[in-house]
Amino acid sequence: MSQTSQAFVDAHPSAQDNAVTVRGVSKNYGAVEALKNMSLEFPRGQLTSLLGPSGCGKTTLLKIIAGLLKADSGEIIVNGKAVTGPGPNRAFVFQDFALLPWASVLRNVAFGLELRGVAKSEREAKAEKYIKDVGLAGFEHSFPHELSGGMRQRVGLARALSVDAQVLLLDEPFSAVDEQTRRKFQEDLLALVANENKTFIFVTHSIEEAVYVSDQIAILLPRPSRVHEIIRPSNFRAKGIDNIRRDPEYLDIVDEIWASLRNYVE
Ligand SMILES: Nc1ncnc2c1ncn2[C@@H]1O[C@H](COP(=O)(O)OP(=O)(O)OP(=O)(O)O)[C@@H](O)[C@H]1O
Ligand SMILES: [Mg+2]
């Protein structure tokens, strides 16, 4: 467990609970076994990465946790209750943005609150705060087609943050940004993990990113999709990205994960 998470557990004894439990979940799309008997624990106050080749079921798993898709069998428990549909305790940042094309950045960010019946002035004040937090101040009145892919992802992130859900489901939120912006986003994400006792479930294709940002990494393999291994990297984030690039322990973990995945890369 990282130092920041340990501090949470000391301050909040209940923080050790598993906020999200995936128990024996299977999901087929016709003949495709998208998930096969998958079980995973996502502790509160921690960031868990889902890492695995394209098509191994990462988005499917997030959608089932979000309650947007039904599992064929098994269950998802959030805060001790079985998930039966979408709920305010979970927020999703979609891989493909899922913004309203006809609405401004402000309206898009406030949309999650609008769905919850929050009054206009309150939701716009909150949305403005998170637009600033993700670095989009000045773009409140722009439309999605006027933004770059990375900026659209930030709108999605601001929307997920503004509803203050306890579980954040992040489906490759940094995939559309350049390397420099990605570094900045990683630092922003780690600040959130340190400061908010939420459960972060983070999908990435980057082994290096997963090792750097995660408390635990679930390595998934495809056909049929399953959990291959759970890795708990030691606290590389405390050392900072610039200091770990030549760290032998960091390089060993990256190599070990690559060895698991290399045969599955198409
Ligand atoms: N709506 C759907 N209908 C049919 N098959 C689907 C559907 N959604 C996903 N699949 C299939 O299920 C499997 C898992 O897909 P999923 O999108 O969950 O993978 P992923 O790990 O998120 O991939 P990526 O890294 O490319 O985003 C794939 O074989 C995919 O083709
Ligand atoms: Mg996906």
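The values are calculated or read from the model by the stated rules, or taken from the named source; none is laboratory data. These numbers were taken from a predicted model, which means no experiment stands behind them. Note that we place each Cβ from the backbone using ideal geometry, even for glycine, and neighbour counts take in every protein chain shown. Just the protein is used for accessible areas: all its heavy atoms, side chains included, with ligands, DNA and RNA removed. Shrake-Rupley method; radii C 1.70, N 1.55, O 1.52, S 1.80 Å.
What to note about this one:
- Odd one out for Val193, checked against (1) buried (at least 20 other Cβ atoms within 10 Å of the Cβ); (2) aliphatic (A, V, I, L, M); (3) touching a Cys at 6+ places or on another chain (Cβ under 9 Å): (3)
- The single condition among (1) over 30 Å from Gly240 (Cα atoms); (2) buried (at least 21 other Cβ atoms within 10 Å of the Cβ) that Leu161 does not satisfy is (1).
- Meets criteria (touching a residue at least 60 places away in the same chain (Cβ under 8 Å) and open to solvent by less than 20 Å² (accessible area, probe 1.4 Å)) for Leu168: yes
- Restricting the first member to region 112-135 and to residues that are more than 28 Å from Glu187 (Cα to Cα), and the second to residues that are open to solvent by less than 60 Å² (accessible area, probe 1.4 Å) and not hydrophobic (A, V, I, L, M, F, W, C), the beta-carbon pairs closer than 7 Å and six or more apart or on different chains are Glu114/Arg123.
- The lone exception for Tyr130 - which of (1) among the hydroxyl-bearing types (Ser, Thr, Tyr); (2) closer than 19 Å to Arg90 by Cα; (3) surrounded by fewer than 17 Cβ atoms within 10 Å (Cβ to Cβ) it fails: (3)
- Residue ID - nearest to ligand 2 (Cβ to nearest atom), chosen from residues in region 20-40 that are open to solvent by less than 20 Å² (accessible area, probe 1.4 Å) and among the aliphatic types (A, V, I, L, M): Ala34
- Flag if Phe202 is within 16 Å of ligand 1 (Cβ to nearest atom), closer than 23 Å to Glu41 by Cβ and aromatic (Phe, Trp, Tyr): yes
- When Glu172 is tested against (1) farther than 22 Å from Ser234 by Cβ; (2) more than 14 Å from the chain's Cα centre (by Cα), exactly one condition is not met: (2).
- In region 41-66, of all residues being open to solvent by less than 10 Å² (accessible area, probe 1.4 Å) and assigned to a strand (DSSP E or B), the one that is nearest to ligand 1 (Cβ to nearest atom) corresponds to Leu50.
- Filter result (within 13 Å of ligand 1 (Cβ to nearest atom) and free of Cβ contacts under 8 Å to residues at least 60 places away in the same chain) within region 67-102: Leu68, Leu69, Lys70, Ala71, Asp72, Asp96
- Selection count where residues are polar (S, T, N, Q) and under 20 Å from the mean Cα position of the chain (by Cα), scope region 68-110: 4
- Within region 88-126, tally of residues that are polar (S, T, N, Q) and at positive phi: 0
- Condition check for Pro233: more than 23 Å from Lys36 (Cβ to Cβ) and either surrounded by fewer than 19 Cβ atoms within 10 Å (Cβ to Cβ) or within 16 Å of ligand 2 (Cβ to nearest atom) (or both): no
- Hey, Ile219 in the same structural domain as Gly55 (by TED's automatic domain parsing), under 29 Å from Ala158 (Cα atoms) and in contact (Cβ under 8 Å) with a residue 40 or more places away in the chain or not: yes
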